[in-house]
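Values in this text are rule-based calculations from the coordinates and carry no lab data. For clarity, every value in this text was computed on a predicted model and none was experimentally measured. So basically every Cβ, Gly included, is an ideal-geometry build from the backbone, and we count neighbours across all protein chains shown.
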Amino acid sequence: MDPDESEYRKSVRNMVAVLAAISITIFAAIFVPPYLNPSHDSFQASVSYDSSFFGFTLNLTLNSTTMNPLGHVMLTAWLNSTSASIQNLTSADGWAYAHGSLWEKACVGGWPMGIGVMRGHYTEDNYTLGTPLQPALSQAQCPASSPPQYLLLYPYSSEAQASVNGTLHPWLLQLDMPFGQGSLSQGAIGGVPGPLGLPAGVYTAVVADEWGDVLAAPFLVS
């Protein structure tokens, strides 16, 4: 075989191998679920968003960015006023996240924020691509309660007064939720978690409020 032809065929084989590797990488990036092929960014235990139009910050913290499959991670969300005066927040229905998949304050109608969890690595830029895990239903029978018409948020505080049917009620706009295998309904992750607990991988905690703000914080189950 001519040396030039042999070198040409070798070059073609190398090019085919490179193109195949690129194709596989693109396929994995697009189609492989993020909990199987997670991003390797460092996880933050605390995130916040300044909703300057409404005069408060939305906050989310995790007591740990890693958890044992049989353990739990404490998720804490809260609103905090950034104003030196009392803020009058009119109730809204501008949820930017699947409202029915959020954990909220039990037996409180019209609670203005909630926490959700998705399996996979997501951010505020792509959280709509994730599927919220269905929370376990509370066994408590709650009396019907009306949502507030507005909230009076105290200066530099999470304390508020909720106006419900003309009566003010003190509310602390904070929500604490321990997330673990017992937090999910049966079939939420493809079946009942077995004795080994939650499937390993990256999960993302999400907090959303009724004014359309969303925060995301990934954590690792391993």
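Applying the selection to region 159-182, what residues are within 18 Å of ASN80 (Cβ to Cβ) and surrounded by fewer than 20 Cβ atoms within 10 Å (Cβ to Cβ)?
GLU159, GLN161, PRO170, LEU172, GLN174, ASP176
Quick check on this structure: which one of ALA77, ALA96 is crowded, with 18+ Cβ neighbours inside 10 Å and under 14 Å from ASP209 (Cβ atoms)? Before the answer, list the steps.
Working: ALA96 fails: crowded, with 18+ Cβ neighbours inside 10 Å.
Testing whether each residue is crowded, with 18+ Cβ neighbours inside 10 Å and under 14 Å from ASP209 (Cβ atoms) leaves just ALA77.
Restricting region 76-131 to residues that are among the polar types (S, T, N, Q) and assigned to a loop (DSSP other than H, G, I, E, B), which is nearest to ALA205 (Cα to Cα)? Full working, then the answer.
Initially, region 76-131 is screened for residues among the polar types (S, T, N, Q), giving 76, 80-83, 85, 87-88, 90-91, 101, 123, 126, 128, 131.
Retained after the next criterion (residues that are assigned to a loop (DSSP other than H, G, I, E, B)): 82-83, 85, 91, 123, 126, 131.
On the way: THR82: 24, SER83: 27, SER85: 31, SER91: 24, THR123: 10, ASN126: 13, THR131: 12 Å.
Going through the qualifying residues, I end up with THR123.
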